[in-house]
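Since every read-out is calculated from the coordinates, none of them should be taken as a lab result. None of the values given here were measured: they were computed from a predicted structure. FYI the Cβ positions are ideal-geometry reconstructions off the backbone, even for glycines, and counts take in every protein chain you see.
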Amino acid sequence: MFSKSDPGANLKRMRVAMKMRSGESETGSLLVPAHRTLREALNDEAPFLELETEAGAQAFVLKTEIARIDPLDGPEARAEGRPASNWSRFDAQDAYLVLGLSPEAKPDAVHAAWRDLAKAYHPDRLAALGLPEEMLRHADRVLARINAAFQRLKADGKARGA
């Protein structure tokens with residue numbers, strides 16, 4: 001309904017050791033959107049994280065029950081030429097990923113993808129479905145990210161003379 005691509009294809013696995021408030025420990029891979037860092041995934045407003053255990057089972061972990069997470073693959077590297085002060089901003093690659101496009105996409109394809117996603121996540125459309133307030137807030141954040149990605153690509157296109 002929201003995207004033509006498989007959302008699972010846009011996830012990256014981050015191996016971690018987690019200690020829960022209850023004292024239990026778990027080792028596995030957190031599934032995080034490919035365009036986000038572990039820190040961003042932990043600090044967004046979504047209440048759960050998706051975990052794939054070492055045994056291959058999938059689970060959803062309530063963020064408020066996590067006491068500690070230790071990345072097992074080392075710290076995430078910053079992209080080259082992207083200063084720390086600018087880390088939370090989109091780069092062109094992120095914007096294409098948000099819109100579900102390849103970097104070779106033409107301006108018409110970018111506009112069509114943005115229009116389709118904006119329709120799918122539009123607050124008036126979703127409010128009419130009677131969705132819970134939490135889902136509407138999430139959809140509003142997703143729409144803001146979609147619009148920011150489109151504006152970034154539109155600005156980059158003008159700069160390149162496209």
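In this model, which of K12/K154; K63/K119; K12/K119; K106/K154 are farther than 22 Å apart at the alpha-carbon? Beyond 22 Å between Cα atoms: K12/K154; K63/K119; K12/K119. For L11, the amide hydrogen comes within under 5 Å of the amide hydrogens of A34, counting only partners 5 or more places away or on other chains and with H modelled in the peptide plane. For segment 88-160, the relative contact order comes to 46 percent (Cα pairs under 8 Å, sequence separation of at least 6).
When only the Cβ of Lys, Arg, Asp and Glu is charged (+1, +1, -1, -1), the dipole of segment 88-160 relative to its Cα centre reaches about 240 debye. Across the options A127, L117, A95, the greatest Cα extent toward the positive end of the charge dipole of segment 88-160 (unit charges at beta carbon of Lys, Arg, Asp, Glu) belongs to A95. Label zone (D140, point 7 Å along Cα-to-C-beta; backbone nitrogen cut-off 15 Å) within segment 12-52: 45-46.
Classify segment 7-71 as rounded, prolate or oblate, taking a ≥ b ≥ c as the square roots of the eigenvalues of its Cα gyration tensor: rounded when a/c is under 1.5, otherwise prolate if a/b is larger than b/c and oblate if not. Cα axes put segment 7-71 in the oblate bin. Pairwise inverse Cα distances across segment 88-160, averaged and inverted, put the Kirkwood hydrodynamic radius at 12.8 Å. Dipole magnitude for segment 7-71: about 180 debye, using +1 per Lys or Arg Cβ and -1 per Asp or Glu Cβ, origin at the Cα centre.
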